[in-house]
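Engineer: Let me give you the structure first, and then I'll get to my questions.
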Amino acid sequence: MVNEVRDRSIDPASQEMLDVCQRAGLETAWDRFDRQQPQCGFGELGLCCRNCNMGPCRIDPFGEGSIKGVCGATSDIIVARNLLRSIAAGAAAHSDHARDVARTFQLVVEGKAPSYSIKDPAKLERLMKEYGVDSPVALAMAILAEFGKQEGPIQFTRRAPPQRLELWKKLGIDPRGIDREIVECMHRTTMGVDNDYVNLILQGLRTALADGWGGSMIATELQDVLFGTPAPVFSEANLGVLEPDQVNVIVHGHEPLLSEMVVAAANDPEMIELAKKIGAEGINVAGLCCTGNEALMRQGVPVAGNFLSQELAIATGVADAMVVDVQCIMPALGALAGCFHTKFISTSSKAKFPGAVHMEFHEETALETAKEIVRTAVLNYQNRDPSKVHIPQIKSRCMVGFSIESIVAALGGNLDPLLGAIKMGNVRGIGAVVGCNNPKIPQDYGHINMVLELIKNNVLVVTTGCNAQACAKAGLLLPEAAEKAGVGLKGVCKALGIPPVLHMGSCVDISRILVAVAAIANALGVDISDLPAAAAAPEWMSEKAVTIGTYAVGSGVYTVLGTMPPVLGSSAVATLLTSGARDVVGACFAVEPDPFKAAKLMIDHIDGQRKKLGLA
Ligand code: NFS
Ligand code: SF4
């Protein structure tokens, strides 16, 4: 048993809770993953198609049985179409999130969403200037128009270096409207439309760029305007942040529109008084997944864990409410919450779950609903079953909140010190390590080992999403973690008082990384694809990660994936993604599950880039 939990996670708090779950007979994603074995070989290779009802069709990977679908689609077509649909889904998720933020921003500037306000007026001014509009209302209209536009450009794509923009135009992948690109993916992949794998993948690049430089960037910028641009703040991470004597409200999902209001409601004196009246010492809000990142970096709200910690948080027996909105929320949570007193509360009209209580959230009445939710959690505190309580006494301190603005501030006002350190070689390059957990890899094993390898080799790591939370739990987001870095990076971190791993936010905040690499490229007068930089998603699982990887590559960043995307059924598609793309967009994918070897690939790439730039 002990060995088995070690195989499932390297996080000691998760291991402890997995033990608890096993003893109590509680099922987790890891158990369900085991029961799925062996997983479908056709699916793993991307070789099944259900896009019309002459199918389902599947292609024999050994070329012996059926090598074409009923319509004649080959493995190349089927693999590319399936990939394009994943990219569309990921872009839709980020961008529909962005739409809600933009819509809320519009209501705020029209005076119709009294729970929210403008927290970063300076950024609002800058965005108005960038869009060439003279009022916040006009900015809201212009940004909302990005989704339904028929012709481009999407304004934020103009932040890319001029060489990159030229390339996108030449290739015909400069995105038009965000929704238009996503719809076109669905059109092209329906039966009998686009049957050229290269053409399909070019549309994948265009759609992904519409996410990275469109949807995701809109979400990031407007969230900063509404909730404040993150600045360095200390907090704590891991299941040990849950409090035995306080009401624990766990916020899980993605949109800070909800979590910010829950935090505000939990700080309301009336709520705190209610909590004390029923015998609790106070109200403790903790986050999971990306909404956890949002609340962490803006409010210093502690995080309970990353993606694979979500069930374990309920299994502690002290989650008085698990409040969710959209994305990365396991439908298993309802049944698990049913084994405890936990109230599992869904809030979005887009996302309902079995076993959840639905308390729908609307921008106009956000704070009232958030108070109702917190009140429900508080009143539920007395229903805890003490015999089921088990909180691992494990948590780490972390320093988070490295928006570009705060990185520039830490550097003393401009990027020059960083550019200097890169030129000197103290910082060998930049590694963006992001993405999910996936039970195919022991939780955090890929994340932590890759990040440690990179910093040891003087690669400054920027992180978001569930990698950021893995790093927080492992104590890598602290200035002291510079001790684990190579001599050059250690010196830079010590001089600036920053960690060797910079938490830049949630997954939509990978757009911050795009802006950063664009700024560095512009400062050096080169394209992004010339930079000593590389990206990785060591434990990715979500379709959103497919889109992110694609816009990273489309933006010129070499990207290493730790789990295999379902593309091996077509050697043509696999070759295009892992080498041919280099001649098209100046970057490509690699797949390497071993985090040590994957880090080596990134470092070799960075060294090659340095050489090309004439840096030692
Ligand atoms: Ni990103 Fe963030 Fe985590 Fe993966 Fe899910 S929470 S949006 S998709 S699992 S990193
Ligand atoms: Fe089969 Fe072609 Fe229909 Fe797909 S689109 S299910 S390959 S017939």
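The values are calculated or read from the model by the stated rules, or taken from the named source; none is laboratory data. Please read these numbers as outputs of a predicted model, since none were measured by experiment. Here Cβ is always computed from backbone atoms with ideal geometry, including for glycine, and neighbour counts include all displayed protein chains. Areas reflect the complete protein model, heavy atoms only, side chains present, ligands, DNA and RNA absent. Shrake-Rupley method; radii C 1.70, N 1.55, O 1.52, S 1.80 Å.
Engineer: Under a Cβ-only charge scheme (Lys and Arg +1, Asp and Glu -1), can you give me the dipole magnitude of the chain about the Cα centre, in debye to the nearest 20?
Structural biologist: The calculated dipole for the chain is roughly 980 debye.
Engineer: If I model a spin label as a point 7 Å beyond the Cα along the Cα-Cβ vector, how far apart are those points for K169 and E110 in nm?
Structural biologist: Each label point is offset 7 Å from its Cα along the Cβ direction, giving 3.5 nm.
Engineer: With a ≥ b ≥ c taken as the square roots of the eigenvalues of the C-alpha gyration tensor of segment 1-112, please select rounded if a/c is under 1.5 and otherwise prolate if a/b is larger than b/c or oblate if it is not?
Structural biologist: Oblate shape, in that a/c is at least 1.5 and b/c is the bigger or equal ratio.
Engineer: Something else about it: For the chain, what is the accessible area per residue in Å², given a 1.4 Å probe and the full set of protein chains?
Structural biologist: About 36 Å² of surface per residue is accessible.
Engineer: Let me ask something else about it. With charges only on Cβ, +1 for K and R and -1 for D and E, what is the dipole size of segment 2-58 about its Cα centre, in debye, rounded to 20?
Structural biologist: 380
Engineer: Determine the percent antiparallel among the DSSP beta bridges restricted to segment 239-388, to the nearest 5.
Structural biologist: In segment 239-388, approximately 5 percent of DSSP beta bridges are antiparallel ones.
Engineer: A further question on this structure: Enumerate the aspartates and glutamates that K597 could reach by cross-link, defined here as Cα to Cα under 12 Å, with residues fewer than 8 away along the same chain left out.
Structural biologist: Answer for K597, where 12 Å is the Cα cut-off: E453, listed by chain and number.
Engineer: A further question on this structure: Mind checking the alpha-carbon convex hull of segment 75-227 and giving the volume per residue in Å³?
Structural biologist: Measuring per residue, one finds 104 Å³ for the Cα hull of segment 75-227.
Engineer: For the pair L615 and E364, what calculated FRET efficiency results from E = 1/(1 + (r/R0)^6), where r is the Cβ-Cβ distance and R0 = 60 Å, to the nearest 0.05?
Structural biologist: 0.65
Engineer: Right, something else. Could you work out how far the C-alpha centroid of segment 304-321 sits from that of segment 79-132, in angstrom?
Structural biologist: Cα centres, segment 304-321 to segment 79-132: 29 Å.
Engineer: Could you pull the accessible area for D594 with a 1.4 Å probe, rounded to 10 Å²?
Structural biologist: Approximately 50 Å² for this residue.
Engineer: Tell me, in nm to one decimal, what length is gained between E270 and M141 on full extension, where the rule is 0.36 nm per residue of separation less the Cα-Cα distance?
Structural biologist: Taking 0.36 nm per residue and subtracting the Cα distance, the gain is 42.7 nm.
Engineer: Which of the peptides 289-299, 419-429, 202-212 is most tightly packed, and how do the rest follow, judged by the mean count of other Cβ atoms within 10 Å per residue?
Structural biologist: 289-299, 202-212, 419-429
Engineer: Same structure, new question: Straight-line reach from K169: which lysines have a Cα under 23 Å away, not including same-chain ones fewer than 8 places off?
Structural biologist: The reachable lysines, counting only those whose Cα sits under 23 Å from K169, are K149.
Engineer: Pairs K276/K371; K544/K612; K343/K544: which exceed 24 Å Cα-Cα?
Structural biologist: Distance filter (> 24 Å) returns K544/K612; K343/K544.
Engineer: With point charges of +1 on the Cβ of Lys and Arg and -1 on the Cβ of Asp and Glu, referenced to the Cα centre of segment 238-351, which listed residue (G334, V249, G282) lies farthest in the positive direction of the dipole?
Structural biologist: The listed residue farthest towards the positive side: G334.
Engineer: Here's another thing I want to ask about it. Considering only protein heavy atoms and a probe of 1.4 Å, how much of the accessible area of the chain is carbon and sulfur, as a whole percent?
Structural biologist: 55
Engineer: Ok, one more. In nm, to one decimal, how far is the A335 label point from the V198 one, both placed 7 Å along Cα→Cβ?
Structural biologist: Placing both labels 7 Å along Cα→Cβ, they lie 4.8 nm apart.
Engineer: In nm, give the distance between the simple-model label positions of S571 and M186, each being 7 Å from the Cα along the Cα-to-Cβ direction.
Structural biologist: Simple spin-label model gives 3.6 nm for this pair.
Engineer: Rounded, prolate or oblate for segment 239-388? Axes are the square roots of the Cα gyration tensor eigenvalues, ordered a ≥ b ≥ c, and the cut-off for rounded is a/c under 1.5.
Structural biologist: Rounded, since a/c falls under 1.5.
Engineer: When the gyration tensor of the chain is built from Cα positions, what are the square roots of 5 times its three eigenvalues, in whole Å, from largest to smallest?
Structural biologist: 35, 29, 26
Engineer: Please go through the residue pairs K119/K490; K494/K600; K170/K423; K440/K600 and name each one whose alpha carbons sit more than 23 Å apart in this structure.
Structural biologist: In this structure, K119/K490; K494/K600; K170/K423 lie more than 23 Å apart at Cα.
Engineer: May I ask for the distance between the Cα centers of segment 329-349 and segment 372-407, given as a whole number of Å?
Structural biologist: Cα centres, segment 329-349 to segment 372-407: 16 Å.
Engineer: While we're looking at this one, here's another question. State the antiparallel share, in %, of DSSP beta bridges confined to the chain, rounding to the nearest 5.
Structural biologist: Antiparallel bridges make up about 15 percent of those DSSP assigns within the chain.
Engineer: Write down, largest first, the equivalent ellipsoid semi-axes of segment 400-613 in whole Å, where each equals the square root of 5 times an eigenvalue of the alpha-carbon gyration tensor.
Structural biologist: That gives 25, 20, 15 Å for the three semi-axes.
Engineer: On to the next question. At 222 nm, what value in deg cm²/dmol follows for the chain if DSSP H runs of at least 4 each add -39500 (n - 2.57) and the sum is divided by all its residues, to the nearest 500?
Structural biologist: -14500 deg cm²/dmol
Engineer: Among the trypsin sites (Lys or Arg not before Pro) in segment 555-606, which ones are in a DSSP loop with at most 16 other Cβ atoms within 10 Å of the Cβ? Mind listing them?
Structural biologist: none
Engineer: Right, another one. Arrange the peptides 501-510, 558-567, 317-326, 105-114 so that the one whose residues have, on average, the most other Cβ atoms within 10 Å appears first.
Structural biologist: 501-510, 317-326, 558-567, 105-114
Engineer: Right, next: Please report how far the C-alpha centroid of segment 280-299 lies from that of segment 472-514, rounded to the nearest whole angstrom.
Structural biologist: 21
Engineer: Right, another one. Please state the charge dipole magnitude for segment 156-268, taken about the Cα centre, from unit charges on C-beta atoms (+1 on K and R, -1 on D and E), reported in debye and rounded to the nearest 20.
Structural biologist: 840
Engineer: Please work out how much length the chain gains when fully extended from K456 to A24, using 0.36 nm per residue of separation minus the C-alpha to C-alpha distance, in nm with one decimal.
Structural biologist: 151.5 nm
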